[in-house]
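Data block below; observations after.
The values are calculated or read from the model by the stated rules, or taken from the named source; none is laboratory data. All figures in this text were calculated on a predicted structure; none of them were measured in a lab. We place every Cβ from the backbone using ideal geometry, glycine too, and count neighbours over all the protein chains shown.
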Amino acid sequence: MSEVVLLQLIGLGVIGVGVLILLFIQSRFPRVIGFVMIVLGTFSLVALSVPQMASLPPAEEKFDVASIKTANDMAMIGQKIFFSKGQCALCHSIGPSESARCPDLKGIGAKLSREFIYESLTQPQAYIYLDYRHEGPPKDYPARMPHINKNPIGLSNNEILSVIAFLQQMSGEPITVSPSEIAMPGQPVPVSATIPARAPAPPSPAKSKAKGKTKKADAGEAGLVAMVVHGR
Amino acid sequence: MRNHEASRGRVRGWLDAWGLSVVGLALLAGLLGFPVSGWAEDAASASAAVSYRDIPQLGGSRNIIWVIAQLHLLLAGFVLGVPIFAWLCEIVGWKTGEKRYDKLAKEFTKLLTSSYATTALFGGILLFMLIGFYPKLMTYLTDVFFPSFLVYCALFLLETVTLYLYWYGWDVMLEGRAKVFHLFLGFLLNVFAFFIMIIPNSWATFQASPVVIAEGSSLARAWAATWNPTWWPVNVHRLIANVVLGGFICGAYAGVRYLSAKSAEEREHYDWMGYVGNFIGVFGMLPLPFAGYWLMREVYQYNQQMGITLMGGFLSWLFILQAMLIGVLFLGANYYFWLGITYRIPGAEMKYRRPIMAMLVILLLCLGVWMTPHSLVASLEEARKLGGTHHPLLGVFGVMSAKMTVANLMILVTFMSFIMYWRAGKEETATWAKVAKALVGGLFGVAAIVIIVLGVWGYFVPAIVRINYFSVAQVLIVLFVLLTVTPLTALLMKTARTTTEMVWGRMPPRAGYALVLNAVMVILLMTLMGYARSSSRVHWHIYGVMRDSSPYAYSPALGYAAAFMSLNTFIFCMLVAFIFWVATMGDKAKAGHGATPAMAGGSQELDTHK
């Protein structure tokens with residue numbers, strides 16, 4: 001007997017008991033209970049008559065270092081991390097979005113060097129992007145960028161490099177991260193995977209402002225109009 | 001021998017007095033003991049942090065949490081809705097001088113003492129279960145929200161103190177400034193209750209629409225997580241829904257008591273109480289769809305995929321069930337109004353027969369459109385004959401533009417019923433009455449036409465235009481009608497002459513069943529939408545942040561879920577019946593000795609009692 005048939009029988013049984021109560025019991029409160037049983041049983045039967053679709057979870061993605069052979073493999077894993085463990089898509093959009101609470105990342109891999117992206121992920125307060133998508137003075141974005149390599153997100157170095165590979169690939173740029181930079185379990189992080197303490201400012205035309213600390217980043221084709229404030 | 005009998009009597013007396021408590025405690029210990037035994041099993045093998053624990057023998061951790069959480073939420077809705085209901089009644093009694101409202105408010109406040117305890121009991125069980133079954137998730141949530149846990153505890157203390165003062169101070173703060181202070185206490189009670197509601201809302205909405213938590217102080221992190229995109233839409237939606245629940249449960253209680261009333265006086269009283277409950281329920285129900293619309297809009301804004309899962313994915317059929325329940329609720333509420341016009345106002349039956357029939361037809365047509373599915377359940381052969389899964393004629397009603405239109409029309413019709421009932425048996429005496437009545441009629445007519453035009457136009461514009469402008473305009477038009485016609489009618493009625501006195505206690509028994517039906521529909525709707533909210537997260541505990549990797553990560557199909565919804569609704573109804581029974585038990589005993597009856601009420605005689 002299938003689950004649906006079993007539940008239908010239970011629903012019919014509940015309605016039957018309700019009908020029997022209404023037919024044979026005169027006391028008011030039990031009659032109200034009988035009435036409620038008929039209503040609930042009918043509701044269950046109606047719910048069983050519509051298409052029965054369950055939502056099954058997809059297979060869990062694992063970061064398998066051994067499976068990475070090419071830079072494209074890294075980008076593919078980076079894409080999955082971007083939309084899952086990395087939680088990047090909670091705030092960032094890829095393309096203009098009214099609801100995005102942080103800068104649009106479309107074409108970001110073409111605008112910023114890998115060192116700068118790495119620094120943005122691991123030292124997000126080094127340069128602050130401000131929102132220029134409105135009239136008047138720039139504002140902070142509603143959400144504050146977390147340190148992506150620390151809790152609660154806590155991406156590993158391998159995972160961060162994969163995300164950078166994805167951002168570069170998504171922007172149509174050659175991927176500058178190499179699979180050789182991936183640290184195998186139990187091995188130290190390759191020297192090339194480490195990033196200088198202070199990454200160069202965005203490679204876009206930057207205009208110096210007050211006391212040389214405020215720089216305006218490239219407005220960019222994707223509408224990333226932002227202000228970066230060094231060392232704020 | 002005598003000693004032996006005396007001792008047996010004492011034991012029997014002790015059992016009578018404490019038996020229920022002992023059984024309750026044993027059950028509680030048993031319930032709490034099950035997860036404890038589960039922990040014991042795990043403890044031996046657990047070397048690392050445990051993510052999940054389970055008791056498959058009891059139906060699995062997910063189902064246990066489902067029942068307990070749903071009951072806790074329904075009880076919480078009840079204990080937050082009742083103070084709003086009671087406070088509104090107290091204000092009406094204070095402003096109009098009608099003591100029956102004050103007594104009604106007092107009697108419902110009395111329910112709070114026992115219902116608070118039951119709600120807290122289920123809250124405690126839920127907390128233990130969550131810590132036991134989902135330790136990893138609870139650790140994460142505690143890490144994020146710990147400061148708000150402390151605020152929550154503090155609010156409970158404040159709420160309890162205020163409730164004690166409000167309840168025990170009722171009879172000593174009856175007049176003058178003391179009464180004003182008492183009303184202020186009622187206001188405070190509701191303010192604290194509101195915050196008690198919105199804090200757990202932040203935990204639940206964070207699970208559905210999390211924001212990234214940056215580093216910072218615990219307070220800053222909790223604050224950032226609290227202000228997630230769906231927090232306020234859910235707060236507003238639940239606040240209104242609690243008023244609706246409180247009103248319709250009062251109505252259902254009155255309905256049951258009306259059915260079993262033995263004297264004309266009792267019938268009058270519970271008929272009046274049913275009217276008040278239904279009135280407040282409908283009053284809250286009218287703006288509720290707007291709050292729901294705002295919530296769905298925010299869900300789409302936050303994550304389009306989540307919105308699609310709800311409205312167009314595996315949960316899409318849920319909204320057909322929702323349409324059915326809301327439709328029955330609208331019909332039930334209107335039916336009760338119509339019965340009131342027919343039976344309580346002598347001579348009104350013939351006068352209102354035609355408009356009632358017209359409104360019934362409109363409501364049924366609207367319900368038919370609302371329940372039209374987007375795609376039909378059809379076999380391959382049938383679909384081939386139809387030329388797709390859309391019905392060639394009715395398929396046009398399966399889209400949101402049609403559903404938004406009929407939902408707004410149903411609200412308008414219900415509001416019209418309410419206005420009709422309000423004006424029945426009265427004759428306006430104001431000099432400007434004709435102009436006002438023409439204006440009211442014109443407003444209803446123009447509003448209905450504009451809503452339909454916007455609905456049809458909605459088919460020919462991009463979805464974003466329809467969602468952002470047309471649907472919002474439809475909602476604003478209905479709100480405008482509600483907000484202009486209500487005060488206008490109130491002004492008209494202020495100077496109106498009563499031509500036919502309303503006669504209480506003459507409603508047929510089916511009116512009592514209609515009130516019970518309305519309450520069951522509201523409870524079922526709450527359980528249905530709770531399932532929708534939870535299932536929209538699909539296989540995530542916290543959407544996009546913490547994946548559910550337990551064996552229960554799937555969302556069950558509607559039929560299975562509906563069985564749990566029905567079970568939860570039934571248990572909740574029985575719990576509320578028990579609470580009402582316990583709360584009025586002492587009054588019945590007193591009434592037997594010539595004191596005030598259980599519930600204060602509608603007759604003049606009862607009004608003279610203190």
Open item on the list: Given the options B:PHE248, B:PHE279, name the one that is within 18 Å of the chain's Cα centre (by Cα) and farther than 23 Å from B:THR527 by Cβ.
Closed with: B:PHE279
TODO: Select from the range A:76-102 the residues that are of a type in the set (Lys, Arg) and at the interface with chain B (Cβ under 10 Å from one of its Cβ atoms) and write down the one among them that is surrounded by the most Cβ atoms within 10 Å (Cβ to Cβ).
DONE: A:LYS85
Open item on the list: I'd like to know if the range A:111-120 contains one or more residues that are under 21 Å from B:ALA224 (Cβ atoms) and either buried (at least 16 other Cβ atoms within 10 Å of the Cβ) or more than 8 Å from chain B (Cβ to nearest Cβ) (or both).
Closed with: yes
TODO: Report yes if some residue within the range B:105-120 is assigned by TED's automatic domain parsing to the domain that holds B:GLU268, surrounded by 14 or more Cβ atoms within 10 Å (Cβ to Cβ) and under 30 Å from B:ALA49 (Cα atoms); otherwise report no.
DONE: yes
Open item on the list: From the list B:ALA220, B:ALA214, exactly one residue is outside any helix (DSSP H, G or I) and surrounded by fewer than 22 Cβ atoms within 10 Å (Cβ to Cβ). Which is it?
Closed with: B:ALA214
- [ ] Check B:GLN301 against each of (1) within 14 Å of chain A (Cβ to nearest Cβ); (2) within 26 Å of B:ASN334 (Cα to Cα); (3) of a type outside the set (Val, Ile, Thr); (4) in a helix (DSSP H, G or I) and name the one condition it does not meet.
- [x] (2)
TODO: Filter the range B:257-310 down to residues that are closer than 16 Å to B:ASN242 by Cβ and either in contact with a His (Cβ under 9 Å, 6 or more places away or on another chain) or polar (S, T, N, Q) (or both), then give me how many there are.
DONE: 4
Open item on the list: Going through B:LEU150, B:LEU130, B:LEU163, B:LEU157 one at a time, which residue ends up being of a type in the set (A, V, I, L, M, F, W, C), touching a Leu at 6+ places or on another chain (Cβ under 9 Å) and surrounded by fewer than 19 Cβ atoms within 10 Å (Cβ to Cβ)?
Closed with: B:LEU130
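This table checks each residue for (1) within 7 Å of chain B (Cβ to nearest Cβ); (2) not in a helix (DSSP H, G or I).
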{"residue": "A:ARG31", "(1), (2)": "no, no"}
{"residue": "A:GLY41", "(1), (2)": "no, no"}
{"residue": "A:ALA47", "(1), (2)": "yes, no"}
{"residue": "A:ALA59", "(1), (2)": "no, yes"}
{"residue": "A:LYS62", "(1), (2)": "no, yes"}
{"residue": "A:MET74", "(1), (2)": "no, no"}
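Condition check ((1) assigned by TED's automatic domain parsing to the domain that holds B:SER217; (2) closer than 25 Å to B:THR119 by Cα; (3) touching a helix residue (DSSP H, G or I) at 6+ places or on another chain (Cβ under 6 Å)) across all residues:
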| residue | (1), (2), (3) |
| --- | --- |
| B:VAL151 | yes, yes, no |
| B:PHE156 | yes, yes, no |
| B:THR160 | yes, yes, no |
| B:TYR164 | yes, yes, no |
| B:TRP167 | yes, yes, yes |
| B:MET173 | yes, no, yes |
| B:HIS182 | yes, yes, no |
| B:GLY186 | yes, yes, yes |
TODO: Answer yes if at least one residue in the range B:339-347 is modelled with pLDDT under 80 and not in a helix (DSSP H, G or I), and no otherwise.
DONE: yes
TODO: Could you list all residues from the range B:489-514 that are within 10 Å of chain A (Cβ to nearest Cβ) and buried (at least 18 other Cβ atoms within 10 Å of the Cβ)?
DONE: B:GLY512, B:TYR513
Open item on the list: Among the residues of the range B:305-317, are any without any contact (Cβ under 8 Å) to a residue 40 or more places away in the chain, in contact with a helix residue (DSSP H, G or I) (Cβ under 9 Å, 6 or more places away or on another chain) and outside any helix (DSSP H, G or I)?
Closed with: yes
Task: Where B:THR584 falls short, out of the listed (1) part of a helix (DSSP H, G or I); (2) of a type outside the set (D, E, K, R); (3) surrounded by 21 or more Cβ atoms within 10 Å (Cβ to Cβ) - done: (3)
Task: Any chance B:ALA448 is surrounded by 14 or more Cβ atoms within 10 Å (Cβ to Cβ) and in the same structural domain as B:GLY307 (by TED's automatic domain parsing) - done: no
- [ ] Say whether the condition of being within 24 Å of B:SER51 (Cβ to Cβ), touching a residue at least 12 places away in the same chain (Cβ under 8 Å) and either more than 11 Å from every other protein chain (Cβ to nearest Cβ) or assigned to a loop (DSSP other than H, G, I, E, B) (or both) is met by at least one residue in the range B:554-577.
- [x] yes
Task: Residue in the range B:524-543 that is at the interface with chain A (Cβ under 8 Å from one of its Cβ atoms), modelled with pLDDT of 95 or more, outside any strand (DSSP E or B) and closer than 22 Å to A:ILE38 by Cα present - done: yes
TODO: Take the range B:486-523 and flag every residue that is part of a loop (DSSP other than H, G, I, E, B) and touching a Phe, Trp or Tyr at 6+ places or on another chain (Cβ under 6 Å).
DONE: B:TRP504, B:ARG506, B:MET507
- [ ] Sort through A:ILE33, A:ILE38, A:ILE21, A:ILE15 and tell me the only one that's among the β-branched types (Val, Ile, Thr) and either modelled with pLDDT under 90 or touching a Pro at 6+ places or on another chain (Cβ under 8 Å) (or both).
- [x] A:ILE21
TODO: Within the range A:139-159, work out how many residues are surrounded by 17 or more Cβ atoms within 10 Å (Cβ to Cβ) and more than 14 Å from chain B (Cβ to nearest Cβ).
DONE: 3
Open item on the list: For the condition within 15 Å of the chain's Cα centre (by Cα), at pLDDT 85 or above and within 14 Å of chain A (Cβ to nearest Cβ), what is the one hit in B:LEU329, B:LEU288, B:LEU321?
Closed with: B:LEU329
Task: Residues of the range B:223-271 satisfying the condition of being buried (at least 22 other Cβ atoms within 10 Å of the Cβ) and hydroxyl-bearing (Ser, Thr, Tyr) - done: B:THR230, B:TYR253, B:TYR258, B:TYR270
- [ ] Among residues belonging to the range B:199-211 that are assigned to a helix (DSSP H, G or I) and of a type in the set (Val, Ile, Thr), point out the one that is nearest to the other protein chains (Cβ to nearest Cβ).
- [x] B:THR205
